[in-house]
Amino acid sequence: MQRFFFSIIILSFFLSAKNIEIKTFEFYDTNDSNITINTIQNKKNDFKPLTHKKQLIEQSRTYWIKIKLNEKLPTGMYLLKYEGFYFNNTSLKPQQKLKKYRSTKGMIIDFYHDHRRDDITLYFKVLNSIPYKQPKVMLYKYDEYYKNNILSPDSKNYFLLFGIIVGLLIMVIIYNTTVYYFVQESYFLYYSLLQLSLIFIMIYDLGFLTLNVPLFHTVSLIGSFFATLFMRSFLNTKIYLPHIDKVLLFYLFLIFLDLIHVLINQYSLVSHFNLHSIFGAIYFIVGFLRLQQNFTPAKFFLIGWSFLVVSIFITGYIGTPFGFNFFLLGPPLEAIFLGIALAYKLKKSLNEKKEQQELLIHQSKLAAMGKMIGNIAHQWRQPLTSLSYSFMTLREAQKQNRLDGHYLNKKLDKANSQLEFMSQTIDNFKDFYLPNKEKHLFSIEEASRETLEIMEYQFQQYHIEVIVNVEQDIQLLSYKNEYKQVLLNLRSNAKDIFIERKISSPQIIITINHNVISV
């Protein structure tokens, strides 16, 4: 692997375009912030050469940079690569088709130069210098710089490929936003916003929009912000890696502070100190640790994130080996594997919810069973008391020699009646809680009275009067037990309210006619 990367670096070195000599590269610093691009030429004799150790770091000063091109520079398209500073104004004319963007290993402007009409002296007003970096500029012929590229940035195929990639990422954004809307899992929303930020970063990095440095830094910070939020939510670091989660929270706080810094000072400290790369490595560590904890989606996350990071590394530190910008491939490959990881995580979450649902159903069944046993106990209390009383009277009659055949049969009949009632109670409860999968034609009045029998003892205990008014019975083709359960719940809730509010003379009235059932 080391030999492979070394070979790419050597190859990119030999394939690089030849740097055209710049005659002079000078700077001018002043306290006067009112100097404009039209008046700076009056100060051309005040410019000083930029030494190797010179840095434009005093924020209270206004800096200008002057570049003088070779007088024999032929007409054509040129590319100026610069580093160590940002600028927001230049003496280049509109007809020179200035285009400013980021590219491999630096920031770039390309422009058209006509040796017959265009000035060879260029002025740039420095927006912000980059601390600890010496300003540098290099000039190349546009065609020579991109001659080894498979796709030139101004070719139709380059635009077509970029359009396909952006279209794919937009589809990913729409899909994940839709999934978030339905399942309300935050990591889908964070991933959509991350992809949206990535699209804007690609637009700036690949030169499809003129570079606005503060805006680019803002978009990069927002992308890092949502990448970190996605990481925390998707990998559940708060639960499974609490110590690393605190580090990620600290990074989120740094990003927030740096966003304020960009608004004030127009450049990013996070970008300058390369914290994006440091925390990009931390993302790998988090993914690997979660994989060690048998979290399978982390495998696809690591693969997808590797494609993105490697493409950024090759583009930023090697350039365009084999004449191709690998940053075009990183985001779509990352989107594919992260899409698999998200789908796997969603399936896992749905399975967990299903298991929880089944557990709740099981607990509900146990609760219903307990309720049924309680109701049976209530219903049996009176007949058991009656049976106990019958046995006592039989024993007393025997002691007093009054136990004749007629008296014995009378008590036995009464006892059998109570036993039949108890048996019928069990059958009623068994049928009540037995799920019916087929519809049957049943009488609403009959089902209502059967439900009343189930809670009859409880109503008597709390002196609740239940009245069933039947104006016209209804024959309904439906699930009888479901109707009885609904009616039972209504009565049970009414009973609880009566007890809670201490209602005097409580009544439940059920009215049945040909088209209405009211409780």
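Descriptive notes on the structure:
- Filter result (surrounded by 18 or more Cβ atoms within 10 Å (Cβ to Cβ) and in a strand (DSSP E or B)) within segment 441-488: Phe442, Val466
- Across segment 58-80, the number of residues qualifying as at pLDDT below 85 and closer than 21 Å to Phe216 by Cα comes to 1.
- Close contacts from segment 341-352, counting a first residue that is part of a helix (DSSP H, G or I) and a second that is of a type in the set (Gly, Ala, Ser), with Cβ to Cβ under 8 Å and a gap of 6+ residues or different chains, come to Ala341/Ala298; Ala341/Gly304.
- With respect to (1) modelled with pLDDT under 90; (2) part of a helix (DSSP H, G or I), the lone exception for Leu291 is condition (1).
- Top-ranked residue in segment 263-287 [being within 18 Å of Ser233 (Cβ to Cβ) and aliphatic (A, V, I, L, M); ranked as surrounded by the most Cβ atoms within 10 Å (Cβ to Cβ)]: Val286
- Scanning segment 242-267 for residues that are within 25 Å of Phe87 (Cα to Cα) and out of contact with any helix residue (DSSP H, G or I) (no Cβ under 7 Å at 6 or more places or on another chain) turns up Phe256, Leu257, Ile260, Leu263, Ile264, Asn265.
- Test: residue in segment 21-37 that is modelled with pLDDT under 75 and within 28 Å of Tyr204 (Cα to Cα): yes
- Beta carbons closer than 7 Å, at least 6 apart along the sequence or on distinct chains, never pair a first residue in segment 226-244 that is on the phi > 0 side of the Ramachandran plot with a second that is not polar (S, T, N, Q).
- Residue in segment 247-266 that is over 23 Å from Ile108 (Cα atoms), outside any helix (DSSP H, G or I) and under 19 Å from the mean Cα position of the chain (by Cα) present: no
- Just one residue in the set Ile444, Ile497 is among the β-branched types (Val, Ile, Thr) and modelled with pLDDT of 80 or more; that residue is Ile497.
- In the set Phe432, Phe391, Phe459, only one residue is outside the structural domain of Leu487 (by TED's automatic domain parsing), modelled with pLDDT of 75 or more and aromatic (Phe, Trp, Tyr); that residue is Phe391.
- Candidate set: segment 493-515, residues that are surrounded by 15 or more Cβ atoms within 10 Å (Cβ to Cβ) and part of a helix (DSSP H, G or I); chosen: the one nearest to the chain's Cα centre (by Cα): Ala494
- So Pro331, is it more than 29 Å from the chain's Cα centre (by Cα) and either surrounded by 13 or more Cβ atoms within 10 Å (Cβ to Cβ) or polar (S, T, N, Q) (or both): no
- Neighbours by Cβ (under 6 Å, 6+ apart or cross-chain): first from segment 108-128, outside the structural domain of Tyr82 (by TED's automatic domain parsing) and part of a strand (DSSP E or B); second at pLDDT below 90 and crowded, with 16+ Cβ neighbours inside 10 Å: none
- Residues located in segment 165-224, provided they are outside any helix (DSSP H, G or I), more than 30 Å from Leu350 (Cβ to Cβ), in contact (Cβ under 8 Å) with a residue 60 or more places away in the chain and not aliphatic (A, V, I, L, M): Gly207, Phe208, Thr210
- Residue in segment 261-269 that is within 27 Å of Phe188 (Cβ to Cβ) and free of Cβ contacts under 8 Å to residues at least 60 places away in the same chain present: no
- The set of residues from segment 288-297 being of a type outside the set (S, T, N, Q), farther than 16 Å from Ile244 by Cα and surrounded by fewer than 22 Cβ atoms within 10 Å (Cβ to Cβ) comprises just one member, Phe295.
- Residues of segment 471-493 that turn out to be small (Gly, Ala, Ser) and closer than 14 Å to Phe442 by Cβ, as a count: 1
- Flag if Phe279 is in contact with a helix residue (DSSP H, G or I) (Cβ under 9 Å, 6 or more places away or on another chain) and outside any helix (DSSP H, G or I): no
The values are calculated or read from the model by the stated rules, or taken from the named source; none is laboratory data. Please read all numbers here as calculations on a predicted model, not as lab measurements. Positions of Cβ are generated from backbone atoms using ideal geometry, with glycine treated the same way; all protein chains shown enter the neighbour counts.
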